[in-house]
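Student: Following this message is one structure expressed as structure tokens.
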Amino acid sequence: MNSRRTFLLSPLALAASPGIRAADRKPNVLLIIGGTWRAQAVPWAGDTDIAVPNLARLAAEGMTFSRAYACYSRSDRSRPCLLKGVFPHALAGPNASTDSMLAESPTISTVLRSAGYRTGAFSTRQADEIISFVHAPDEAPFFAQWSMENIGNGLMERSNPERIQVRDDVPAEAQTRTRDDLAVFYARARTRDRDIGVVLEALTRPLRGNNRGLIDDTIVIFTSDHGEQFGSHMGQGDDYVYEETIRIPLAIRYPRVVRRGSQRDMLVSQVDIMPTLLGWCGAAIPQSVQGRDLSMLLAGQAGERPGAVYAEGRLGQKDEWRMLVHGFDKLVVDMEGNVVYLFNLADDPLEQTNLANVSAEQLKRDSLLAMERLWAKKLGDGVDASGLKKR
């Protein structure tokens, strides 16, 4: 959860950091949301089949995260949660549209606009429009949200599916389809990467007497709504609790603050992105925000390392679930609070062995279940302030 005291100290701490002066202008922000793009399918995760040199360069020049999680397994809610810094249950009911959910309470765009930023939202093939926006003759800092969707065309250059590696948790009968689907995804990723490269190159061009261009004064973030199964656990598409769907890529380039080429294995939720960006931009974090402001921690200042992440799935359906990851232990409960899955991701990264009913794991299971209930109570997720269930 966001700490108001942490936020109030954040601008002072950043101003005192090496290379940052209080007179410096507020940073620009380019937030790239790569649609459904799983954490395992990026160069910094070791995927040798994906050819995205511009994302690889972004990672090399910034900080990457190996354990970032979506808070929902479908884009209709994960996207609003990312942009508003809240968990899915805090949005409108299960049948609400994404647009109506975004209109409910402050988003990063509306908060930064109130803080003096000029803001713009762009879709998949709008690299040229983004370049025009960031190079506009306006002294105000900018926030550009670039949301990429899962679209492509038959002209995309695809790799030979037979040469594509599949994860070990894809059964033999699903591997042909998986390779075909991955060939399409990798082709789409190459197209997106070329557009990202065009925009990043434009940020380096000299502008209005600035020989360095805008790049060193711009926070660039690449992440996604959630991932996809691609045959893992016999699953196709999204809406699963497994790591292939629920874990997301995250890379941040911010030369003022973030150490070049650094890697972090801390647990991060996508709801933390909004308050963290607001912390770096010196903007007030709305009271509605449930995510954590990690701006000081990522800048090397004092801060509590997140010990857990929380996620939700299939809201309003009979197989609704909640997930808690604490350390390397992952607990999943149903809507009645019964433990459905328990995995140890250190020993079993492919989630092949469900420990939920193993007697030797009872103490750990009970401890994690108590922690999950505490998170639910703190977030107001299906329980009231006394701890009584509302669902």
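Student: Just wondering, is there one or more residues in the range 272-286 that are under 14 Å from GLU243 (Cβ atoms) and touching a residue at least 24 places away in the same chain (Cβ under 8 Å)? Let's see the steps before the verdict.
Tutor: Just the residues of the range 272-286 that are under 14 Å from GLU243 (Cβ atoms), to begin with: none.
Checked the range 272-286: no residue is under 14 Å from GLU243 (Cβ atoms) and touching a residue at least 24 places away in the same chain (Cβ under 8 Å).
Student: So in the range 309-322, with the set limited to residues that are among the hydrophobic types (A, V, I, L, M, F, W, C) and out of contact with any helix residue (DSSP H, G or I) (no Cβ under 7 Å at 6 or more places or on another chain), which one is surrounded by the fewest Cβ atoms within 10 Å (Cβ to Cβ)? Spell out the reasoning first.
Tutor: First pass over the range 309-322, keeping only residues among the hydrophobic types (A, V, I, L, M, F, W, C): 309, 311, 315, 321.
Those still in the list that are out of contact with any helix residue (DSSP H, G or I) (no Cβ under 7 Å at 6 or more places or on another chain) too: 309, 321.
Values: VAL309: 26, TRP321: 19.
Of everything passing the filter in the range 309-322, TRP321 is surrounded by the fewest Cβ atoms within 10 Å (Cβ to Cβ).
Student: Next question, about the same structure. From the list PRO94, PRO106, PRO53, which one is at pLDDT below 95, of a type outside the set (S, T, N, Q), over 20 Å from VAL268 (Cα atoms) and over 19 Å from the mean Cα position of the chain (by Cα)? I'd like the intermediate steps shown before the answer.
Tutor: Details: PRO106 fails: over 19 Å from the mean Cα position of the chain (by Cα); PRO53 fails: at pLDDT below 95.
Criteria check complete, one pass: PRO94.
Student: Just the residues that are outside any loop (DSSP other than H, G, I, E, B) and either buried (at least 19 other Cβ atoms within 10 Å of the Cβ) or among the polar types (S, T, N, Q) (or both), please, taken from the range 45-66. Talk me through it step by step, then tell me what you get.
Tutor: Our first condition is that a residue be outside any loop (DSSP other than H, G, I, E, B); within the range 45-66, this holds for 45, 53-60, 63-66.
ASN54, LEU55, LEU58, ALA59, MET63, THR64, PHE65, SER66 - these are the residues of the range 45-66 that are outside any loop (DSSP other than H, G, I, E, B) and either buried (at least 19 other Cβ atoms within 10 Å of the Cβ) or among the polar types (S, T, N, Q) (or both).
Student: Could you go through the range 259-270 and let me know if any residue there is small (Gly, Ala, Ser) and surrounded by 24 or more Cβ atoms within 10 Å (Cβ to Cβ).
Tutor: Of the residues in the range 259-270, the ones small (Gly, Ala, Ser) are 261-262, 269.
Adding the requirement that they be surrounded by 24 or more Cβ atoms within 10 Å (Cβ to Cβ) leaves 269.
Checking the range 259-270: at least one residue is small (Gly, Ala, Ser) and surrounded by 24 or more Cβ atoms within 10 Å (Cβ to Cβ).
Student: Another question, then. Just give me the residues in the range 243-270 being in contact with a strand residue (DSSP E or B) (Cβ under 9 Å, 6 or more places away or on another chain) and either within 22 Å of TRP321 (Cα to Cα) or outside the structural domain of SER114 (by TED's automatic domain parsing) (or both), in sequence order.
Tutor: GLU243, THR245, ILE246, ARG247, ILE248, LEU267, VAL268, SER269, GLN270
Student: From the list ARG177, ARG192, exactly one residue is of a type in the set (Lys, Arg), out of contact with any helix residue (DSSP H, G or I) (no Cβ under 6 Å at 6 or more places or on another chain) and over 27 Å from MET234 (Cβ atoms). Which is it?
Tutor: After applying the criteria, what remains is ARG192.
Student: Output the residues belonging to the range 298-316 that are in contact (Cβ under 8 Å) with a residue 12 or more places away in the chain and not small (Gly, Ala, Ser).
Tutor: Scanning the range 298-316 gives LEU298, GLN301, ARG305, PRO306, VAL309, TYR310, GLU312, ARG314, LEU315.
Student: Then there is this: So which residues in the range 244-290 are in a loop (DSSP other than H, G, I, E, B) and within 28 Å of PHE230 (Cβ to Cβ), if there are any at all? Steps first, please.
Tutor: Looking only at the range 244-290, we keep the residues that are in a loop (DSSP other than H, G, I, E, B), and these are 254-261, 265-267, 282-290.
Listed by number, the residues that qualify are ASP265, MET266, LEU267.
Student: Would a scan of the range 289-305 turn up a residue that is out of contact with any Lys or Arg (no Cβ under 9 Å at 6 or more places or on another chain), under 28 Å from VAL170 (Cβ atoms) and among the polar types (S, T, N, Q)?
Tutor: Within the range 289-305 (the criterion being out of contact with any Lys or Arg (no Cβ under 9 Å at 6 or more places or on another chain), under 28 Å from VAL170 (Cβ atoms) and among the polar types (S, T, N, Q)), the answer is no, since none of the residues qualifies.
Student: Looking at ALA311, ALA251, can you tell me which residue is closer than 27 Å to LEU200 by Cβ and of a type in the set (Gly, Ala, Ser)? Before the answer, list the steps.
Tutor: Working: ALA311 fails: closer than 27 Å to LEU200 by Cβ.
Just a single option satisfies the conditions, and that option is ALA251.
Student: Is it true that some residue in the range 225-234 is in contact (Cβ under 8 Å) with a residue 24 or more places away in the chain, at positive phi and in a helix (DSSP H, G or I)?
Tutor: Yes, that holds for at least one residue.
Student: Kindly evaluate LEU200 against the criterion of being more than 28 Å from HIS233 (Cα to Cα), buried (at least 20 other Cβ atoms within 10 Å of the Cβ) and either touching a strand residue (DSSP E or B) at 6+ places or on another chain (Cβ under 9 Å) or not basic (Lys, Arg) (or both).
Tutor: On the way: more than 28 Å from HIS233 (Cα to Cα): yes; buried (at least 20 other Cβ atoms within 10 Å of the Cβ): yes; either touching a strand residue (DSSP E or B) at 6+ places or on another chain (Cβ under 9 Å) or not basic (Lys, Arg) (or both): yes.
In short, yes.
Student: Follow-up. Go through ARG192, ARG125, ARG188 for me and flag whichever is buried (at least 18 other Cβ atoms within 10 Å of the Cβ), in contact with a Ser or Thr (Cβ under 9 Å, 6 or more places away or on another chain) and not hydroxyl-bearing (Ser, Thr, Tyr). Outline the logic, then answer.
Tutor: Details: ARG125 fails: buried (at least 18 other Cβ atoms within 10 Å of the Cβ); ARG188 fails: in contact with a Ser or Thr (Cβ under 9 Å, 6 or more places away or on another chain).
From the options ARG192, ARG125, ARG188, the qualifying one is ARG192.
Student: Need at least 2 residues that are closer than 24 Å to VAL86 by Cβ, outside the structural domain of PRO275 (by TED's automatic domain parsing) and in contact with a Pro (Cβ under 9 Å, 6 or more places away or on another chain) per element, so show me which strands (runs of 3 or more DSSP E) inside the range 291-387 make the cut, counting only ones lying wholly within it. Lay out the reasoning, then the answer.
Tutor: Numbers: elements: 308-313, 321-326, 329-334, 339-344.
In the range 291-387, the matching strands (runs of 3 or more DSSP E) lie at 308-313.
The values are calculated or read from the model by the stated rules, or taken from the named source; none is laboratory data. In this text the structure is predicted, and so the values were computed from the model without any measurement. Please note: Cβ atoms are built from the backbone with ideal geometry, for glycine as well, and neighbour counts cover all protein chains shown.
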